[in-house]
Amino acid sequence: MTRQVAILISGGGSNMVALVRSMQEAGHPARPVLVLSNEPEAGGLARAAELGVPTAAIDHRSFGGERAAFEAKVGRALEAAGAEIVCLAGFMRILTPGFIARWEGRILNIHPSLLPKYPGLHTHARALAAGDAEAGCTVHIVTADLDSGPILGQGRVPVLAGDMPETLAGRVLVMEHRLYPIVLRRFAEGLTEPVFLS
Ligand code: GRF
């Protein structure tokens, strides 16, 4: 039975594009039913529409700082679309434990570091400052603890001499676009054994 997937974005949505294109392959166990952005100007909304996926924009600034009110509207949009799995893909809002509990175990996120190293922001600068020989990305199940849920997959890339945060980010992003579709396909089939790419 095809699982219905909603993807939450805030910006360009390159991971969203990779996920949608993957789900459009024959025999895929999931299909995209909604791409939703908290940023009405997100470039990913137009890219999703070009790919034939319904879109929605819910500006988080329209709720007077009331995070719960914003999330209630997001939740209604997800339910109206029939979403069963929610993929965060460059989504830059922190979700409250109440929202996460509602979707317990069915929200995935991609984070641009080899968790548990470097939760939070500026992951590439931190890896470079630490002199790490490798970096990468992690797909995990979202829990109330930021960037800390069960890991479903990781992709490793080398840190190269002369790397700047931007060059490392670009190399990691290519790996993200490989990893996330593989993990989502497995997750839609009920497979949660973590996969490791390099
Ligand atoms: C990427 O660094 C990704 O790791 C993080 O958000 C950034 C932008 O992702 N989740 P995208 O291009 O919008 O998918």
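Among G13, G75, G120, the largest mean-square fluctuation in a Gaussian network model of the chain, built with springs joining Cα atoms closer than 10 Å, belongs to G120. Counting only DSSP H runs of at least 4 residues, each contributing -39500 (n - 2.57), and dividing by the residue count of the chain, the helix-based mean residue ellipticity at 222 nm comes to -11000 deg cm²/dmol.
Under 5 Å from the amide H of L8 lie the amide H atoms of L36, C87, L88, A89, each residue being 5 or more positions distant or on a separate chain, with H modelled from the backbone and absent for Pro and chain starts. Working from Cα positions, state the angle (0 to 90°, nearest 10) between the long axis of helix 165-188 and the longest principal axis of the chain. Helix 165-188 and the main axis of the chain meet at about 50 degrees.
On a 0 to 90° scale, report how tilted helix 67-81 is relative to the longest principal axis of the chain, with both axes built from alpha carbons and the result rounded to the nearest 10. Between the helix axis and the principal axis of the chain, the angle is about 70 degrees. Within the P(r) computed for the chain, what percentage of the Cα pairs occupies the region above 21 Å? Value for the chain: 50 percent of Cα pairs lie more than 21 Å apart. Could you compute the net charge surrounding A30? Neighbours are other residues with a C-beta less than 15 Å from the C-beta of A30; K and R count +1, D and E count -1. With Lys, Arg at +1 and Asp, Glu at -1, the net is +3. Counting only Cβ charges, +1 for Lys and Arg and -1 for Asp and Glu, the dipole size of the stretch 113-198 around its Cα centre is about 140 debye. All C-alpha to C-alpha distances of the stretch 116-198, sorted into 10 Å bins beginning at zero, yield P(r) values of 18, 47, 29, 5, 0 percent in whole numbers. Can you give the angle from 0 to 90° between the axis of helix 14-23 and the longest principal axis of the chain, with both taken from C-alpha atoms, to the nearest 10? Taking the Cα atoms of the chain, the angle to 14-23 is about 70 degrees.
Normalised per residue, the accessible area of the chain is 46 Å², obtained with a 1.4 Å probe and no contribution from ligands, DNA or RNA.
With the charge dipole of the chain set up from +1 on Lys and Arg Cβ and -1 on Asp and Glu Cβ about the Cα centre, the Cα lying farthest toward the positive end among the listed residues L152, P40, T2 is that of T2. With a cut-off of 12 Å between beta carbons, the residues surrounding V53 carry a summed charge of +2, where Lys and Arg count +1 and Asp and Glu -1. What a 1.4 Å probe finds exposed on the stretch 1-64 is 47% carbon and sulfur by accessible area, rounded to a whole percent. Provide the FRET efficiency to the nearest 0.05 for the I182-K117 pair, computing r from the beta carbons and using R0 = 22 Å. That pair, I182 with K117, gives E of 0.55. In a simple Cβ point-charge model (Lys, Arg +1; Asp, Glu -1; nothing else charged), the chain has a dipole of about 220 debye relative to its Cα centre.
The values are calculated or read from the model by the stated rules, or taken from the named source; none is laboratory data. Owing to the predicted nature of the structure, the values given are computational and were not obtained by experimental measurement. Positions of Cβ are generated from backbone atoms using ideal geometry, with glycine treated the same way; all protein chains shown enter the neighbour counts. Accessible surface areas use protein heavy atoms only, side chains included; no ligands, DNA or RNA. Shrake-Rupley method; radii C 1.70, N 1.55, O 1.52, S 1.80 Å.
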